[in-house]
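Each remark here refers to the structure printed beneath this line.
The values are calculated or read from the model by the stated rules, or taken from the named source; none is laboratory data. No experiment lies behind these values; they were computed from the predicted model shown. Cβ: placed from backbone, ideal geometry, glycine included. Neighbour counts: every protein chain shown.
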Amino acid sequence: MRGTSHRGSFRFAGTALAVLLAGGCASSPHPPFAPPSAEETRRLKSSGYELPPVLDAKTLATPAQLQGPNHRIAKRVYSNDRLHVYTIESEAGTFYAWGDDVLDARIREIAAIQAMNEMRTTEEFATAANDARANSLVAEWNLISEPVDSAIGVPQEAWKRANAKGSDRAERRALKAFGHRKREIAAEFAVDPYSSNATLQRELNRLGWAVYAGGLPSMFVPAGVEATGEGDRMLEILRQYSPREIERLNRIELRVIGVPKPLTDEFIRNPWYSPRYATLLVADLAALSKARKRETFIEIAATARSEQDARYFQRSAELMRQYDRNRGRIEEIIEVEGTLIGLTENGKRVVPYPADFAVWSESTAALTDSFTRAVPTDVPEMPTELLLAGSASPAAHRQLESRGVTVVEHAFHALRPAPGTSDAGIE
């Protein structure tokens with residue numbers, strides 16, 4: 001499915017780093033949306049379309065996901081025609097996971113929040129917090145008692161002042177050192193330091209300042225709480241490199257791919273791509289080494305207008321990479337009405353669709369119409385494979401197959417490399 005905006009309809013001012021300091025990547029996810037009205041429901045059904053289902057969490061999540069020591073998933077799981085939306089209750093509040101792939105990450109974040117909350121009750125933290133207040137930035141902005149929820153760790157005014165021409169170098173050094181400590185802490189808890197989870201950001205910032213300015217050991221964890229990291233290369237990249245360094249590396253990679261500078265700027269400045277999402281997307285696209293017109297993918301991805309859009313495009317690139325690696329080389333990337341399509345060496349159209357559950361809806365029909373028209377004039381019949389992250393309803397299967405589309409369900413698993421081989425890109 002295409003992004004929610006039209007190509008070329010807007011541009012962003014500033015840089016990705018400026019968005020981070022403004023809290024653009026640290027806003028809380030919105031709660032589940034309201035269901036369609038009775039009138040809208042009648043209209044859709046009379047037109048032969050399905051409504052996104054409301055499902056029982058027990059049919060989707062594992063027992064460990066459903067309930068743990070720090071959380072419980074609500075029974076009703078909503079859908080927005082693309083993603084399952086989970087409601088997760090915990091002592092730290094209510095959280096939402098937009099997508100099956102986000103659920104485990106959100107559960108880890110809740111566990112990290114709980115662990116950090118327990119740290120705050122200890123004498124060691126109280127001592128470090130008191131010592132941290134000797135730091136001018138901590139004292140001026142109350143960064144321990146009133147931590148901000150932006151990924152940058154300080155209010156926007158403080159960040160602008162520290163980075164203004166002729167500003168205090170000591171403040172810039174402090175922010176850099178704090179950022180490094182915060183990234184280390186996030187890696188210890190196996191969470192994304194640029195997560196949109198506002199509660200997580202506040203606790204990471206509070207602990208980060210206590211570690212940097214107060215001398216609290218970063219590995220200090222109270223008894224009974226275990227913070228274990230994952231074997232995740234992306235987490236290690238986020239630990240080692242600052243947002244500015246990651247941006248520079250992504251720019252270099254995009255230049256190698258052949259993306260023009262204005263389009264690179266548009267992609268980099270899009271506020272919905274965190275360093276994690278941007279780096280994963282660029283790495284997956286770079287792995288399509290034989291594909292022509294990879295800049296087409298960036299052109300469409302740059303139109304993302306939400307975190308869900310950015311994640312959608314990132315996972316689309318990942319599906320294309322996995323197909324290229326294990327099924328057939330993608331020789332060219334095209335787009336039709338915002339839909340990204342890979343043309344393969346074995347004469348197929350590959351359409352990535354990283355949705356949790358596809359029903360036959362207006363948007364699915366529009367998506368199908370767009371890529372079924374995308375046949376080169378010199379190729380009378382071209383098989384089409386729809387790479388679906390999850391599964392499709394029986395009605396969606398029938399409609400797609402009647403249009404000559406082969407649905408590859410659970411494509412991230414179906415396209416895994418053969419045993420004994422390694423996949424390309426960043427995991």
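Quick look at the numbers
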| read-out | value |
| --- | --- |
| Test: residue in the stretch 91-105 that is farther than 21 Å from residue 35 by Cβ, out of contact with any helix residue (DSSP H, G or I) (no Cβ under 8 Å at 6 or more places or on another chain) and surrounded by fewer than 21 Cβ atoms within 10 Å (Cβ to Cβ) | yes |
| Tally of residues being in a helix (DSSP H, G or I), basic (Lys, Arg) and in contact with a strand residue (DSSP E or B) (Cβ under 9 Å, 6 or more places away or on another chain) across the stretch 264-309 | 1 |
| Close pairs (9 angstrom Cβ cut-off, 6 or more residues apart or separate chains): within 11 Å of residue 400 (Cα to Cα) in the stretch 363-382, basic (Lys, Arg) and modelled with pLDDT under 75 anywhere | 367/2 |
| Single match in 37, 79, 46, 90 (criterion: closer than 30 Å to residue 302 by Cα and either modelled with pLDDT of 95 or more or of a type in the set (S, T, N, Q) (or both)) | 79 |
| Which listed residue, of 286, 302, is over 9 Å from the mean Cα position of the chain (by Cα), buried (at least 21 other Cβ atoms within 10 Å of the Cβ), of a type outside the set (Lys, Arg) and modelled with pLDDT of 95 or more | 302 |
| Whichever residue in the stretch 179-198 is free of Cβ contacts under 8 Å to residues at least 40 places away in the same chain and either crowded, with 22+ Cβ neighbours inside 10 Å or aliphatic (A, V, I, L, M) (or both) and, among such residues, is nearest to residue 137 (Cα to Cα) | 182 |
| Matching entry among 121, 127 (being surrounded by fewer than 20 Cβ atoms within 10 Å (Cβ to Cβ) and modelled with pLDDT of 95 or more) | 127 |
| Among (1) touching a Pro at 6+ places or on another chain (Cβ under 8 Å); (2) at pLDDT 95 or above; (3) buried (at least 22 other Cβ atoms within 10 Å of the Cβ), the one test that residue 213 misses | (1) |
| First in the stretch 331-354 and in the same structural domain as residue 392 (by TED's automatic domain parsing) and at positive phi, second anywhere and of a type outside the set (Ser, Thr, Tyr) and buried (at least 17 other Cβ atoms within 10 Å of the Cβ), Cβ under 7 Å, 6 or more apart | 337/2; 338/2; 338/3; 338/300 |
| The stretch 138-160, residues that are assigned to a helix (DSSP H, G or I), in contact (Cβ under 8 Å) with a residue 40 or more places away in the chain and surrounded by 15 or more Cβ atoms within 10 Å (Cβ to Cβ) | 138, 159 |
| Enumeration of residues in the stretch 240-256 that are surrounded by 17 or more Cβ atoms within 10 Å (Cβ to Cβ) and touching a residue at least 40 places away in the same chain (Cβ under 8 Å) | 243, 247, 254 |
